[in-house]
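Right, one structure below, let's go through it.
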Amino acid sequence: MDDVEVRHLPGDLPQLFGDGVGDDAAARTLSVPLPDGDLVWPDPGYPQRRPLLRPAFWLSDDPVRGDLWAALRAEHPRSGLWPLLMDESDQPWAAGQIAPEPVSEIGNYHPHAFMYEVWADFADQAADGDLDDLAPYGRHCPGPAPAGVPLDDPDAVADRYARVLAGRGVSLGLIPVERGADALSAAGWQGALNHNEWTAPLSAVLRSWEDRFGARVVGLGFNTLELSVAAPPVSTRHAVHVAAEHWAFCPDILFQGPGTLAGYAEEIRGKTHWSFWWD
């Protein structure tokens, strides 16, 4: 790595802050050398939520090491660029098959309202036997779970998990957002499209998990999401409540997994990373 020299955003990275995103790119700095990569623009022929007049993110040409992710995560307050480990094997990110949503819309959604809506929709259509899978809650949504107690510094937990994920040989993305939870919407990820038409509500949930559980968005795949978690539930009761939130966020983790909230709760109890996938 070069000498620690604070310098303005290199190359074409300032273009990520066009179209009224964030503050003046000239005020942003980055002292971490980057590998070769390119800006990713939404494909104009791909269905878009709203035309984007700037590139959505920057993507490295080749897989990167986890310690680069950690270094860029530490630079985020100064660069305004949140690092993501992005699996290029299943999702051709570089082709621009993305549908970015304005980060400003995330605040219009409330995690508790999203959870209640998902729960009510399922309860209205489900047979009584299906509701047994959601015991002890059944038809009655419990709402968001209480915050967890930190086991470690959230950034330290995120850095460790990034090193694990980087071992899979994934590329690096840099997303122009003020917090990692917003990266899904800003990057135009659509991995949960079959569950929810918009990504902004999911980012709203992630913001809440950042605050309550020390969660950090570390990795994305075509239909997968990887989070580090510094304050996971450690008691069975708390884990079941958190499992209910996870189910509303991503039903497939239950119905294609252990099948019940209680079974899934045991999988996440005390675990410092959460993985989600959608069909």
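The values are calculated or read from the model by the stated rules, or taken from the named source; none is laboratory data. Note that the structure is predicted; figures quoted are calculated from it, not measured. As a convention, Cβ positions derive from the backbone with ideal geometry for all residues, glycine included, and neighbour counts pool all protein chains shown. Areas reflect the complete protein model, heavy atoms only, side chains present, ligands, DNA and RNA absent. Shrake-Rupley method; radii C 1.70, N 1.55, O 1.52, S 1.80 Å.
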Legend entry - Inter-probe distance in nm under a simple model that places probes 7 Å from Cα toward Cβ, at ASP124 and VAL164: 3.9 nm
Inset, instruction - Enter the accessible area of ASP38 (Å², nearest 10), with the probe set to 1.4 Å and all protein chains included. - result: 90 Å²
Legend entry - At R0 = 51 Å, FRET efficiency that the Cβ-Cβ distance of LEU131 and ASP155 yields, to 0.05: 0.80
Inset, instruction - For ASP61, ASP132, write out the residues from largest to smallest accessible area, computed with a 1.4 angstrom probe and no ligands counted. - result: ASP132, ASP61
Legend entry - Among LEU81, LEU172, LEU30: highest mean-square fluctuation, GNM of the chain, C-alpha pairs under 10 Å: LEU30
Legend entry - Reciprocal mean inverse distance between Cα atoms of region 70-165 - Kirkwood radius, Å: 17.9 Å
Inset, instruction - List the relative contact order of region 34-89 as a percent without decimals, with contacts defined as Cα pairs under 8 Å and 6+ residues apart. - result: 31 percent
Inset, instruction - Name the long-range amide H neighbours of PHE57: under 5 Å, sequence gap of 5 or more, or other chain; modelled H, no Pro or chain starts. - result: VAL40
Inset, instruction - Starting from the Kirkwood radius over alpha-carbon pairs of region 147-279, derive D by Stokes-Einstein at 25 °C in a medium of 0.890 mPa s and give it in µm² s⁻¹. - result: 164 µm²/s
Legend entry - Label selected from [x] 0.98; [y] 1.01; [z] 0.94, the criterion being Rg/Rh (Cα atoms, Kirkwood Rh) as computed here: [x]
Legend entry - Spatial separation of Cα centroids for region 94-145 and region 23-89, in angstrom: 29 Å
Legend entry - Accessible-area value, PHE255, 1.4 Å probe, nucleic acids and ligands omitted, Å²: 90 Å²
Inset, instruction - Report, to the nearest 10°, how far helix 200-213 tilts away from the longest principal axis of the Cα atoms in the chain, using its own Cα long axis and a range of 0 to 90°. - result: 80 degrees
Legend entry - Nonlocal amide H pairs with MET86, under 5 Å, H built at 1.01 Å: SER171, LEU172, GLY173, LEU220
Inset, instruction - Return the single residue from ALA265, ALA166, ALA26 with maximal mean-square fluctuation; model: Gaussian network over the chain, springs between Cα atoms under 10 Å. - result: ALA26
Legend entry - Among ALA113, VAL103, PRO77 the positive-end extreme of the charge dipole of region 73-133 (Cβ point charges): PRO77
Inset, instruction - Can you tell me how much longer the chain between ASP67 and GLN15 gets when fully stretched, taken as 0.36 nm per residue apart minus their C-alpha distance, in nm with one decimal? - result: 16.2 nm
